[in-house]
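First comes the structure, then the notes that go with it.
Every number in this text was worked out from the coordinates using simple rules, so none of it is lab data. Keep in mind it's a predicted model, so treat the numbers as computed, not measured. Because the Cβ atoms are built from the backbone with ideal geometry, glycine has one as well, and the counts that use them run over all protein chains shown.
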Amino acid sequence: MKTIMVYEPFLQGKEKQYVNDCLDTNWISSKGKYVKLFEEKFTEYTRAGYAASVSNGTVAIHLALAALGIAPGDEVLVPSLTYIASVNPIMYMGGTPVFVDSRLDDWQMDLDDLERKITPKTKAVIAVHLYGNVCDMDRLCRICREHRLYLVEDCAEALGSTWKGRHVGTFGDIGCFSFFGNKTVTTGEGGMVISGNRMLAERLVHLKSQGVSAFKCYWHDVIGYNFRMTNIQAAIGLAQLENIQEITKRKRAIAEFYKSVIETRKLPVDVLWETESVHNCMWLPTIHLHDWERRDALITAMKEKHGVETRPAFYPAHTMPMYKNCAHGELPNAESLSRGGMNLPGHPGLTEDDIVYVLDALEQELN
């Protein structure tokens with residue numbers, strides 16, 4: 001029986017060379033040349049104004065909200081159908097998450113629902129580009145301008161995705177990225193914040209480094225955080241980013257092959273795909289079962305009988321105990337997508353034979 005993981009990092013570049021350089025030169029902590037090189041390369045790739053590396057994707061969002069001054073009493077609109085890291089930082093800052101439903105076609109935040117939920121207390125929106133798809137950034141930016149709301153983009157799953165040819169993360173006040181082991185580019189743990197606003201970018205850097213003064217050693221003029229990335233992480237990230245065209249090309253081919261075979265076989269699932277104006281990085285192939293009640297048993301059977309690891313879609317945040325009392329109203333689409341959604345293996349090392357094996361197992365268990 002084969003073993004196919006849902007994701008494995010693609011470490012085919014200079015990762016070992018750069019890490020060994022860190023070890024050989026003793027630059028292993030948050031100072032060292034690779035931190036700057038990684039940030040510069042990331043800025044070049046995304047065409048962002050400024051970039052600051054951080055220790056993981058969750059603190060990227062936390063840092064963004066801190067830099068924007070989110071405080072107790074502030075409401076932050078966020079889709080309920082997302083990984084919990086999109087939501088928890090709102091609470092870290094004392095804010096109140098207000099949950100927004102999703103669209104059934106592209107799984108992105110429902111902007112009609114978002115507009116209904118804006119109140120005088122609303123301070124910001126966190127747009128989550130879920131599973132590599134992209135929100136309608138033209139309309140969302142217009143809404144935020146009209147209501148004078150900050151816009152944070154959660155691009156954890158969307159590095160390489162674009163809206164009308166422009167990289168995600170460059171539309172809002174701050175874009176946030178994750179480099180966890182299952183992301184398109186990985187540093188093991190790690191993240192990045194980007195911004196086109198110089199003063200805001202300087203504030204991000206100031207806060208992530210314990211609020212230390214740029215002019216006086218060991219003088220701290222604000223309460224800051226230790227959210228820095230290490231030189232070793234950045235070394236891995238730089239090597240990964242040097243290979244991103246190859247990685248995204250492979251992932252795109254994998255997703256297209258999945259879609260082609262699923263449609264040819266007429267399997268009883270819907271494939272999440274990009275809409276007009278979107279180029280999806282295809283982080284993980286995502287499907288929704290017509291018979292959602294079979295999803296959990298299917299995931300178990302795929303692993304135990306066929307050695308194929310898959311993942312359920314995220315549980316909506318509003319269904320979790322700590323968020324049940326937050327304002328949200330009815331969120332039927334988020335709940336429906338969550339119940340029937342699952343991710344198939346999508347790491348860049350997959351072959352067409354591997355994908356056929358996965359779909360043979362899927363078809364067998366669905367029949």
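By DSSP, the beta bridges lying fully in the chain are antiparallel in about 55 percent of cases. Working note: Karplus 6.51/-1.76/1.60 with θ = phi - 60° gives segment 64-75 the couplings 4, 5, 5, 5, 8, x, 4, 9, x, x, 7, 9 Hz, where Gly and Pro are set to x. For segment 244-366, averaging the sequence separation of C-alpha pairs within contact (under 8 Å, six or more residues apart) and dividing by the residue count gives a relative contact order of 35 percent. Among the chymotrypsin sites (Phe, Trp or Tyr not before Pro) in segment 165-228, those placed in a DSSP loop whose Cβ has at most 13 other Cβ atoms within 10 Å are PHE215, TYR218, TRP219.
Residue-wise HN-Hα couplings along segment 44-58, as the Karplus relation 6.51 cos²θ - 1.76 cosθ + 1.60 with θ = phi - 60° gives them from phi, are 4, 5, 8, 6, 7, x, 9, 9, 9, 6, 9, 7, 6, x, 5 Hz; Gly and Pro carry x. Its Cα centre serving as origin, the chain has a Cβ charge dipole (Lys and Arg +1, Asp and Glu -1) of approximately 1100 debye.
Model label points for LYS31 and GLU146, set 7 angstrom from Cα along the Cα-to-Cβ axis, are 5.1 nm apart.
Looking at segment 53-102, which chymotrypsin sites (Phe, Trp or Tyr not before Pro) are DSSP coil and have at most 11 other C-beta atoms within 10 Å of their C-beta?
Passing both the DSSP loop test and the Cβ count: no residue.
Positive-end ranking of GLY196, PRO321, LEU362 along the dipole of the chain, with charges on Cβ about the Cα centre, is headed by GLY196. Placing a label point 7 Å from the Cα of GLN364 along the Cα-to-Cβ direction, the residues of segment 294-318 whose backbone N falls under 17 Å of that point are 297-310.
For segment 264-275, putting each phi into the Karplus relation 6.51 cos²θ - 1.76 cosθ + 1.60 with θ = phi - 60° gives couplings of 5, 7, 6, 5, x, 9, 9, 9, 5, 9, 6, 9 Hz, in residue order, rounded to whole numbers and with x for Gly and Pro. Once the C-beta distance of ARG166 and LYS324 is scaled by a Förster radius of 41 Å, the resulting FRET efficiency is 0.65 to the nearest 0.05.
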